[in-house]
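The values are calculated or read from the model by the stated rules, or taken from the named source; none is laboratory data. None of the values given here were measured: they were computed from a predicted structure. As a convention, Cβ positions derive from the backbone with ideal geometry for all residues, glycine included, and neighbour counts pool all protein chains shown. Areas reflect the complete protein model, heavy atoms only, side chains present, ligands, DNA and RNA absent. Shrake-Rupley method; radii C 1.70, N 1.55, O 1.52, S 1.80 Å.
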Amino acid sequence: MLETTRHYHITTFGCQMNKADSERMAGILEKMGFEWSEDPNQADLILYNTCTIRDNAEQKVYSYLGRQAERKQHNPHLTLILAGCVAQQEGEKLLQRVPELDLVMGPQHANRLESLLEEVFNGNQVCATESIHIAEDITKPRRQSTIVAWVNIIYGCNERCTYCVVPNVRGVEQSRRPEAIKEEVEALAKQGYKEITLLGQNIDAYGRDLPGSTQTGRHLYTFTDLLYYLHDLPGVERFRFATSHPRYFTERLIQACAELPKVCEYFHIPFQSGDNDLLKAMGRGYTHQRYRQIITKIRELMPHAAISADVIVGFPGETEKQFENTLELVEDIGFDQLNSAAYSPRPGTPAALWHNQVSFEVKNERLQRLNNLINLKAAERSARYLGRIENILVEQENPKNSTQVMGRTEGNRLTFFEGNINELKGKLVPVRITATRTFSLTGEIAN
Ligand code: SAH
Ligand code: SF4
Ligand code: F3S
């Protein structure tokens, strides 16, 4: 047993998967007796949960790590852990690059943190990056929020988008059993959670690896089935999900979302490019026409639905005309929110080796033009809320103004209004929208 309380600090980079993994690892550390330290410099154990989706994400990790490696030279009892996607990508090489590291662990090993740390405390330097079957998690995660929670339903990705590291670092698809997901959601509802976001890199692939699904030639459990299966659990007020892949997105799912009242009318469906030749080079498996059809169908059944997406500019070979096709798609669809990024060549991905790379200057210039359009469109989409009454699920006090509370609309727009957090936390409150900004809203309680 530890004599004095040891403190831990986790810094998380990257996507919601990593955030969910961090919450599980924090839960394991607390079960082991560690306490949270907000200040990394006061912590005895520091864990970086890392992202390598683009080069700048990876470089950020090294600069953080360098500072703590230096601290460890004066404080040999400090435990340093590198988890997540950079850990998986670089593996053993990290131990040579930063010998102060005690543990390098890939995302599939998040649930094994306790046994890995036992090896570390026995005096070993450990690297856990072999691919494994992800064990069901039995530890209670330490969640950031008491109102909204993430629940993984499928790990990994079997796609091979030519720009993307995720399949290399997250491994093949592994769906959790519907019963295990239901148990977790039920437990969350009992603890008072009101909104559940179901997570997967390609959520439409859910179920296709579960036993039985190949024998019959059809999925026994599709993602749509899972939504029906979870929907009526008492206590949960809202479900969200991400990320959808246009290649596998079905009309049945759209109908389910329209039909099931607790499923938010909000879709995150990355399109990556508005040009068919580029989509082909990316290995995405759909055309811009197909993408447009999906959005049209959603809007037919749910005229108020909010749509967000991801897009890449400056993919190898992208011409000015092809980039304009992306602008045209953004102009036509009008996204509520759009995450844009300049293409970044990643180790171990096919597109990084192609000779038709777009220059840094051109990528940046295109990114700026795209971002201007994105902001314009997002402001237009926000403006449609003016005067409307929206149900806001109150999550917390507005950190910048303690007389206000904040939460989100069904469409995921952040909304502020006057109110007392002690009375309103976790409640769905009807709010009349009185002011709109590009990505947020202000309102007042509607009586
Ligand atoms: N599974 C999701 C996205 C996962 S990664 C999907 O298929 O859409 C999140 C986003 O990062 C991607 O949607 C893509 O827009 C962006 N991204 C991935 N690799 C990238 C790269 N090499 N350069 C720039 N952006 C990239
Ligand atoms: Fe990456 Fe494509 Fe898988 Fe998304 S679907 S995680 S972009 S390989
Ligand atoms: Fe980054 Fe890994 Fe997520 S590379 S985007 S943290 S899956």
Could you tell me whether the range 170-181 includes any residue that is away from ligand 1 (no atom under 16 Å from the Cβ), over 25 Å from ILE421 (Cβ atoms) and touching a strand residue (DSSP E or B) at 6+ places or on another chain (Cβ under 9 Å)?
yes
Quick count over the range 404-447, residues being in contact (Cβ under 8 Å) with a residue 40 or more places away in the chain and either loosely packed, with under 15 Cβ neighbours inside 10 Å or more than 10 Å from ILE392 (Cβ to Cβ) (or both), is 14
Just checking, which of VAL362, VAL358 is part of a loop (DSSP other than H, G, I, E, B), farther than 28 Å from PRO261 by Cβ and β-branched (Val, Ile, Thr)?
VAL358
Only residues that are open to solvent by 10 Å² or more (accessible area, probe 1.4 Å) and either in contact (Cβ under 8 Å) with a residue 24 or more places away in the chain or of a type in the set (Phe, Trp, Tyr) (or both): list them for the range 285-317, please.
GLY285, TYR286, HIS288, ARG290, ARG292, LYS297, LEU301, HIS304, ASP310, ILE312, GLY317
Determine which single condition MET17 fails, assuming it passes every other condition in (1) open to solvent by less than 70 Å² (accessible area, probe 1.4 Å); (2) away from ligand 2 (no atom under 16 Å from the Cβ).
(2)
Only unsatisfied item for GLN191, checking (1) open to solvent by less than 10 Å² (accessible area, probe 1.4 Å); (2) more than 16 Å from HIS231 (Cα to Cα); (3) more than 15 Å from ligand 3 (Cβ to nearest atom), is (1)
Determine which member of the set PRO178, PRO167 is open to solvent by less than 20 Å² (accessible area, probe 1.4 Å), of a type outside the set (D, E, K, R) and in contact (Cβ under 8 Å) with a residue 40 or more places away in the chain.
PRO178
Picked from the range 55-87 (must be surrounded by fewer than 18 Cβ atoms within 10 Å (Cβ to Cβ) and touching a residue at least 60 places away in the same chain (Cβ under 8 Å)), the residue nearest to ligand 2 (Cβ to nearest atom) is ASP55
List every residue pair whose Cβ atoms lie under 9 Å apart, where the two residues are 6 or more positions apart in sequence or sit on different chains, the first residue falls within the range 367-384 and is touching a residue at least 60 places away in the same chain (Cβ under 8 Å), and the second residue, located anywhere, is among the β-branched types (Val, Ile, Thr) and open to solvent by less than 30 Å² (accessible area, probe 1.4 Å).
ARG381/ILE307
Would you confirm whether any residue within the range 165-185 is among the acidic types (Asp, Glu) and within 16 Å of ligand 2 (Cβ to nearest atom)?
yes
So the check is Cβ under 8 Å with 6+ separation or different chains; which pairs have a first residue in the range 117-135 that's farther than 24 Å from PHE34 by Cα and a second one that's charged (D, E, K, R)?
THR129/GLU92
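Condition check ((1) assigned to a helix (DSSP H, G or I); (2) open to solvent by less than 20 Å² (accessible area, probe 1.4 Å); (3) touching a strand residue (DSSP E or B) at 6+ places or on another chain (Cβ under 8 Å)) across all residues:
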{"site": "VAL120", "(1), (2), (3)": "yes, yes, yes"}
{"site": "CYS127", "(1), (2), (3)": "no, no, yes"}
{"site": "ILE134", "(1), (2), (3)": "no, no, yes"}
{"site": "ASP137", "(1), (2), (3)": "no, no, no"}
{"site": "ARG142", "(1), (2), (3)": "no, no, yes"}
{"site": "THR146", "(1), (2), (3)": "no, no, no"}
{"site": "VAL151", "(1), (2), (3)": "no, yes, yes"}
So which residues in the range 243-284 are part of a strand (DSSP E or B) and either charged (D, E, K, R) or open to solvent by 10 Å² or more (accessible area, probe 1.4 Å) (or both), if there are any at all?
TYR266, HIS268, GLN272
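The rows are residues; the columns are (1) of a type outside the set (A, V, I, L, M, F, W, C); (2) modelled with pLDDT of 95 or more; (3) over 28 Å from GLU365 (Cα atoms).
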| position | (1), (2), (3) |
| --- | --- |
| ALA256 | no, yes, yes |
| PRO270 | yes, yes, no |
| ILE294 | no, yes, yes |
| LYS297 | yes, yes, yes |
